[in-house]
Amino acid sequence: MATGVLEGAALAGRGVDRAYAKDLFRRFVEHRDPALREELVGVHLPLVEYLARRFRNRGEPLEDLVQVGTIGLLKAIDRFDLDREVEFSTYATPTIVGELKRHFRDKGWAVRVPRRLQELNLSLNKVVAELSQEVGRSPTIAEIASKVHLTEEEVLEGLDTSNAYAVVSLDAPAGGDDTPSVSEHIGVEDESLEALEYRAALGPLIAGLPERERRILYLRFFGGMTQSQIAARLGISQMHVSRLLNRTLAALRAGLLADEETE
Amino acid sequence: MPTSTVHLEIPASGAYLSVARAAATGLAAQLQFTYEEIDDLRIAVDEACTQLLARRGSATTLRVDYHLADTELRVDVSIEAPDRGDPLAKDTFAWQILTAITDEVSERAESDRLALSFRKVGSRA
């Protein structure tokens, strides 16, 4: 029952030195060493990239999709049973694809936004990224407007739409075994975040955030870095940093006004 | 450009925060704020309004005043609060957010109102 996806996945998996990967797995299963886990991620990244590319014409940057797919990869790595007579790439593919699909389902526009505005918002994402490259800083609304041949008013309308997009439930990736830890360790930053948890009594909320979200929170609000600087450091786009930041804050604030619905 | 002010009064409910945000966005665009500065501004408006709404008690409206000068926008958010004299504490995450992304933050407890103000300077004006 070789579907297109599975065939392609097998192809993408072919680049992997299987004996090497198997040995890594054997050691990982035994010691559960995070360093081995990261190595396994690195080895199988081409598979994630291959699968992510299949979703790339849905308006999300490929880099974001690869990150989402990597979460699926991590789940598959953690659950893979060496005794099963199945190649890891075959085993991991449905998990990775499932994660990508869930991403699109979860990130569906939270508010019903007219198609025209969705498209405007998506094209603005691109233009902002391009212009930032061109001028070496974040562009102004006037600059964006002249680039896309729209009025400033229309660009602003698109910006407001981006907020509808940011209203996404945060309850999905809340800590536990599913939280990926691909990035390097962040000792000092963790200490500050602990202080923050203590001070703000936001403990469980912040502790439950995925590591990347916590890190962005720290770098922006304690590290004095701008969104662009954080984006460069984490290798994602500034718009992506903006989305993650807005989403995280919205979730942290949700508790504050939680009583509203019952009023 | 002479200083000008926009007054906004919205119902004291999270559902109207988008209006406060949209106004800030439009005004910041006039001041040639960059996309990133506008994003910071929107976060700050959200944060300040949310903090006051969380202390709204029986208050029914939230007031947001925007003061535009050459290169900066000052936002004053206030809410009626006759008997709750505790403004935003400086050791909270909210305060940390506001000070990190704006140029100046202050809070006041007047006789019957709680107020939070912040100032954001644009780099392009």
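Of note:
- Scanning the range A:201-213 for any residue that is modelled with pLDDT of 85 or more and within 28 Å of A:V66 (Cα to Cα) turns up at least one such residue.
- Test result for B:L98, touching a Cys at 6+ places or on another chain (Cβ under 9 Å), surrounded by 15 or more Cβ atoms within 10 Å (Cβ to Cβ) and facing chain A (nearest Cβ under 10 Å): no
- Checking each residue in the range A:133-153 for being facing chain B (nearest Cβ under 8 Å) and among the hydroxyl-bearing types (S, T, Y) picks out A:S138, A:T140.
- Selection status of A:E85, acidic (D, E), at pLDDT below 85 and closer than 30 Å to A:V127 by Cα: no
- Odd one out for B:D70 among (1) among the acidic types (D, E); (2) surrounded by fewer than 23 Cβ atoms within 10 Å (Cβ to Cβ); (3) part of a helix (DSSP H, G or I): (3)
- Hits in the range B:73-101 (condition: modelled with pLDDT of 90 or more and more than 22 Å from B:E9 (Cβ to Cβ)): B:T99, B:A100, B:I101
- Residues in the range B:103-122 that are of a type in the set (S, T, Y) and touching a Ser or Thr at 6+ places or on another chain (Cβ under 9 Å): B:S106, B:S117.
- Checking the stated criteria, B:A15 turns out to be more than 19 Å from B:K120 (Cβ to Cβ), within 14 Å of chain A (Cβ to nearest Cβ) and not in a loop (DSSP other than H, G, I, E, B).
- Count - residues of the range B:38-57 that are β-branched (V, I, T) and more than 9 Å from chain A (Cβ to nearest Cβ): 1
- Selection status of B:Y35, within 16 Å of B:I10 (Cβ to Cβ) and either buried (at least 23 other Cβ atoms within 10 Å of the Cβ) or away from chain A (no Cβ under 12 Å) (or both): no
The values are calculated or read from the model by the stated rules, or taken from the named source; none is laboratory data. Being a predicted model, the structure only gives us computed values, none of them experimental. Note that we place each Cβ from the backbone using ideal geometry, even for glycine, and neighbour counts take in every protein chain shown.
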